[in-house]
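Read through the structure below, which is laid out as structure tokens, and then see the notes.
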Amino acid sequence: MGDQTAVLEDVRRGMVPAHIYNDDEIFALERERVFGRSWVFVAHESEIPRPGDYVVRRVVEDSFIVSRDESGVVRAMFNMCLHRGMQVCRAEMGNASHFRCPYHGWSYRNDGRLVGLPFHGEAYGGEEGFRRKGQTLLPAPSLGVYNGLVFVSLDPDAPPLREYLGDFAFYLDLYTQQSLEGIELVGPQRWRVKANWKIGAENFAGDSYHTPHTHSSVVEIGLFREPKASKRKEGALYWAGSGGGTTYKLPPGTLDERLRYVGYPDEMITRMRATWSDAQLRMVGDDGFMVSAASVFPNLSLVHNWPKVTGGEDDEVVPFISLRQWQPVSADETEVLSWFAVDRNAPERFKELSYKAYLMCFGSTGMFEQDDVENWVSITSTAAGSMARRLRLNNRMGLLADDKPVSPPLAHFSGPGVAYVGFGEYNQRAMLRAWADALETPPPEPGPVDLGGVT
């Protein structure tokens, strides 16, 4: 770690060295220690519903084919031919029973098994020279699925995905399990921004403080029912397990009234009642807190909001859910993958209007998106200079000088973890502490894989 030890100590006390948002040495450590060990979202099962369906996704530089094989099993396979290392699959998505390397023609079934090796006898002497039987594309070291969300970890000794998520699974259910059939995804939209990947992840994890300033115009034009963006401070900030997020405070009323206020039709409310746990129902119906933006460490974020949608009846309020991944490209560039998520059982009209609401707010040209990216690009470019190495950013909002909270955590909050009401950077600090812990932990050291029976 060398000089980074002092950086991590500063991060843990809430004084963040500005250059961590644009530093090549830190990015190299992140590649091997954050993304080499964490569970990283790569796809949703609804993207590959039929045997043979596949998508190609990355964990930083590592490309994976995420496929559903002929027996219906979801797999994640390293996208590299066993022969000379060419990418086996060049398309981003599709349906195929086999993948054929374009370089020398080696071919693989969609479960990864090597089945075709041109001139096997002439080139290798058959099985004596290269044992074809039993060879497969290299599988992801660890694979896990939760509510249809497919994650991989490059660490073969990673804890089970459910254990990694911890208590955040309680909140993840509110986004991804509004009925027993779960969600379906549309997308992803994909674009690149000249911004460090951590900034967006931190923002979605719990930055309600920026809303009255960065997004004031969105409220002023009447996109939402709330007349003032400062209403965000009435919501809760929570951190639990490997993630955290924000909630809105809903007006007084019953569970059904509060869900109707958000824009859900009665048939969807009935299914929510039957699917969510008693504690999840209490958080919305009794406590009056509805989940909004959230992040799972390191780079998966979610957002739930309910704008007025032009074209509906009297500009009706319609909620939307979006998933997004902050895919690192370099210290100063991020590829954003953004999906629209909706309950599989939702009425078709609701799906149409909800998708429109998503595009209006958080699609690639969405109003919130444009506001946010302007800030994040500026932070990243400014962090590259020599002066940024002298500055420690104050990330201690919500804390007094003696580290006591300005306001105590909520004593009555139906969700797990620790929750606060009001402005604070509790979640950003929690995410950066997880980041610091990862950078201090040596990367996994998996052994090499020899192919073809060579001894």
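Amide H to amide H distances under 5 Å link Gly235 with Lys249, Gly422, where only residues 5 or more positions off or on other chains count and H is placed in the peptide plane.
Modelled label positions at Asn345 and Asp315, each set 7 Å beyond Cα in the direction of Cβ, lie 3.3 nm from each other. The chymotrypsin sites (Phe, Trp or Tyr not before Pro) of the range 245-315 include none that meets both criteria, a DSSP state outside H, G, I, E and B (loop) and at most 15 other C-beta atoms within 10 angstrom of the site's C-beta. Taking the chain as the region of interest, the number of lysine pairs whose Cα atoms are within less than 16 Å, with members eight or more places apart or on different chains, is 6.
Calculated on C-alpha atoms, the gyration radius of the chain divided by its Kirkwood radius gives an Rg/Rh of 1.00. Backbone amide hydrogens, once placed in the peptide plane, bring Gln135 within less than 5 Å of Leu114, excluding anything fewer than 5 places away on its chain. Label zone of Val74 (point 7 Å out along Cα→Cβ, amide N under 18 Å): in the range 339-382 this covers 339-345. Calculated FRET efficiency, Asn147 to His120, Cβ-Cβ distance, R0 = 51 Å: about 0.75 to the nearest 0.05. Given all pairs of different Cα atoms, what value in angstroms does the Kirkwood hydrodynamic radius of the range 40-145 take? Roughly 14.1 Å, rounded to one decimal. Note on the chain: dipole from Cβ charges, positive end direction compared against Ser322, Leu439, Leu399; the farthest Cα belongs to Leu439. Quick one: how many Å² of Phe224 are accessible to a 1.4 Å probe, rounded to 10? Phe224 exposes around 20 Å² with every protein chain in place. Stokes-Einstein diffusion for the range 1-94 at 4 °C, viscosity 1.567 mPa s, with a Kirkwood radius from C-alpha pairs, works out to 81 µm²/s. No disulfide-compatible partner, judged by a Cβ distance under 4.7 Å, exists for the following cysteines of the chain: Cys89, Cys361. Surface analysis of the range 378-447 yields an accessible area of 57 Å² per residue, using protein heavy atoms and a 1.4 Å probe. Whole-Hz Karplus values for the range 417-429 come out as x, 10, 10, 10, 10, x, 6, x, 10, 4, 6, 4, 5 Hz, taken residue by residue from phi with 6.51 cos²θ - 1.76 cosθ + 1.60 and θ = phi - 60°; glycine and proline positions read x. Of the GluC sites (Glu not before Pro) found in the range 34-130, the ones in coil according to DSSP and having at most 13 other Cβ atoms within 10 Å of their Cβ are Glu61, Glu70, Glu92.
Which FRET efficiency value, to the nearest 0.05, is calculated for Arg390 and Asp286 with the Förster distance at 60 angstrom and r the Cβ-Cβ distance? E between Arg390 and Asp286, to the nearest 0.05, is 0.75.
Think of it as helices only: each DSSP H run of n ≥ 4 in the chain is worth -39500 (n - 2.57), and spread over all residues that comes to -7500 deg cm²/dmol at 222 nm. Counting Lys and Arg as +1 and Asp and Glu as -1 over every other residue whose Cβ lies under 10 Å from the Cβ of Glu335, the net charge comes to +2. Hydrodynamic radius of the range 348-397 by the Kirkwood approach over all distinct alpha-carbon pairs: 13.6 Å.
The values are calculated or read from the model by the stated rules, or taken from the named source; none is laboratory data. Just so it is clear, the structure is predicted and the values come from calculations on it, not from any experiment. In this analysis, Cβ positions are derived from the backbone assuming ideal geometry, glycine residues included, and neighbour counts consider all displayed protein chains. To get the accessible areas, we keep the full protein, side chains included, count just its heavy atoms, and leave off ligands, DNA and RNA. Shrake-Rupley method; radii C 1.70, N 1.55, O 1.52, S 1.80 Å.
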